[in-house]
Amino acid sequence: MPPIKLFSYTDDTLLFLNNAHDFSIAQSHLEKYSLASNTKINYHKVKAISLSGYNLNDYWLPLLTPHGIPSIHSRDDPQPIIYLVFTMILSRQQCVHFLDFNQKLNASILLHSSITTSLLGKASIANSLVLSKCWYVFRVTPISTAELQKIQSTISHFINVKVFPKLN
């Protein structure tokens, strides 16, 4: 029997399933986990995602709907799905919502720009407060080279204010 891939974080669980058999095995494991930990899976909060991006409703919905899981997120959906603050983009249309991350990043940099600090202080702020958010998001969010260059330019501008010669 192939292993089931399972990732749990506090009260969030992420399952990667290939077929209906995997789902029944996962349910069995989750029921045992629930009994052992005195918890229960809130199926009504579950978000199903098609990792291929394709609309797989015909296959999965008959299996998931009886458990209170009403839909499967695919590239056909206009909004990306968010899991533990990670934006999971499945289509170009959903990439538009990545701009929201850029706006939040710019707002964070603007807030930190109001603080007068040394070059080392700016680098520390950029690395620990701003870029840490980027690394967190980049783990699961594919971005274009152009978007990456915008972020690099924004960080560079923040660090290089009143600095000569400019750092790259």
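Some notes on this structure:
- Enumeration of residues in the stretch 31-72 that are in contact with a Gly (Cβ under 8 Å, 6 or more places away or on another chain) and exposed (fewer than 13 other Cβ atoms within 10 Å of the Cβ): 44
- Residue match in the stretch 90-103 (condition: touching a Gly at 6+ places or on another chain (Cβ under 6 Å), more than 24 Å from residue 163 (Cα to Cα) and surrounded by 13 or more Cβ atoms within 10 Å (Cβ to Cβ)): yes
- Residue within the stretch 114-128 that is free of Cβ contacts under 8 Å to residues at least 40 places away in the same chain and within 30 Å of residue 77 (Cβ to Cβ) present: no
- Neighbours by Cβ (under 6 Å, 6+ apart or cross-chain): first from the stretch 14-43, charged (D, E, K, R); second modelled with pLDDT of 80 or more: 40/34
- Listed by first and then second residue, the pairs linking a residue in the stretch 68-79 that is over 9 Å from residue 48 (Cβ atoms) to a residue that is crowded, with 18+ Cβ neighbours inside 10 Å and of a type in the set (A, V, I, L, M, F, W, C), with Cβ atoms under 7 Å apart and 6 or more places separating them unless they lie on different chains, are 74/90; 75/90.
- Looking only at residues in the stretch 158-168 that are in contact (Cβ under 8 Å) with a residue 40 or more places away in the chain and assigned to a helix (DSSP H, G or I), the one that is nearest to residue 123 (Cα to Cα) is 159.
- Restricting the stretch 66-89 to residues that are in a strand (DSSP E or B) and touching a Pro at 6+ places or on another chain (Cβ under 8 Å), the residue that is nearest to residue 135 (Cα to Cα): 87
The values are calculated or read from the model by the stated rules, or taken from the named source; none is laboratory data. These figures come from a predicted structure and were not determined experimentally. Cβ sites come from the backbone with ideal geometry, for glycine too, and all protein chains shown count toward neighbours.
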